[in-house]
Amino acid sequence: MLDSQITTASNPALLRQSVTRPTEEIWEYDRLELPFETPLYRKLRQKFGDIKVLEKIFKFSRETSSSLGSWCSDWIWSYCLSEETLPKLEARSNRPLMKSIPNQPSCDTEAERIREAGAIIKEHEFGDPVANPELLSRKVLLLRDQLLRRFKENPDTRCIVFTAQRHTARILRDLFKKIGSQYIRPNLLVGVRSGGDKIGLDISFREQFLNVIAFRKGEINCLV
């Protein structure tokens, strides 16, 4: 928020005496599976794998199958091909398709195919990660168990879950809204940046600012 101050101590030894050091814990989980293709991934890849604007989503979806699990791998499509996102993808994909049969005109465009992909996602059943925990990776299940235990022991707990990628933050926020208890009130903070790949992540600065305020007040207690 460009409102920071830096203060240093003249004697670091005195600082250590007056500041409580945080307690660090390491949570270990079993080895993750190798990345794999879910049935939804294979279906989309077979029909729309040549569409360039979907290339990064396909890559992230496959990587996520290992780190987060099959449900999360599929869930990315729910907002990257949502009704709100489709017009932006269509605007970037108006290239006519090559003719598959000689002397037969082709009126299809990538935009039309993207709308077809969106219709598939709209009808897709993603499954229930609460009833079927095998849809989640061991890493995510460990995070769930640790957070549920801490929030149950102390409902006033607040936490920040850091992720390496913006899409991961969005997926975990959505997931914990589904699998979290009544104690966990999650939301998202990924910042606002210009350019780059923002498919499904167009979050305004105002929304981000309000999430920070809500976290300070405790209305949000799990910020991803």
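The values are calculated or read from the model by the stated rules, or taken from the named source; none is laboratory data. Remember, it's a predicted structure, so these values are computed and weren't measured experimentally. Glycine gets a Cβ as well: all are built from the backbone with ideal geometry, and neighbour counts include every protein chain shown. With ligands, DNA and RNA removed, areas are computed over all heavy atoms of the protein, side chains included. Shrake-Rupley method; radii C 1.70, N 1.55, O 1.52, S 1.80 Å.
Helix 39-48 versus the longest principal axis of the chain: what is the Cα-based angle in degrees, 0 to 90, to the nearest 10?
Tilt relative to the chain: about 50 degrees.
Short version: ³J(HN,Hα) in whole Hz for each residue of the stretch 216-224, in order, from phi by Karplus 6.51 cos²θ - 1.76 cosθ + 1.60 (θ = phi - 60°), x for Gly and Pro, what are they?
Along the stretch 216-224, the couplings run 4, 7, x, 5, 9, 10, 9, 9, 9 Hz.
If I model a spin label as a point 7 Å beyond the Cα along the Cα-Cβ vector, how far apart are those points for ARG45 and ARG149 in nm?
About 3.6 nm separates the two model spin labels.
Could you order the peptides 27-40, 159-172 from most to least packed, using the average number of other C-beta atoms within 10 Å per residue?
159-172, 27-40
With just the Cα atoms defining each centre, how far is the stretch 1-48 from the stretch 131-147? Give it in Å.
17 Å
In square angstrom, what is the accessible area per residue of the chain with a 1.4 angstrom probe?
For the chain, the solvent-accessible area averages 66 Å² per residue.
With all protein chains present, how much of the accessible area of the chain (probe radius 1.4 Å) comes from carbon and sulfur, to the nearest whole percent?
51 percent
Among LYS56/LYS217; LYS47/LYS88; LYS43/LYS88; LYS56/LYS139, which pairs are too far apart, with a Cα-Cα distance over 31 Å?
Listed pairs above 31 Å: LYS56/LYS217.
I need the phi-derived Karplus couplings for the stretch 75-81: 6.51 cos²θ - 1.76 cosθ + 1.60, θ = phi - 60°, integer Hz, Gly and Pro marked x.
In residue order, the calculated couplings are 5, 4, 5, 5, 10, 6, 10 Hz.
Enumerate the amide H contacts of CYS159 below 5 Å, restricted to partners 5 or more residues apart or on another chain; note that Pro and chain-start residues carry no placed amide H.
For CYS159, whose amide H was placed from the backbone, the distant partners under 5 Å are CYS222, LEU223.
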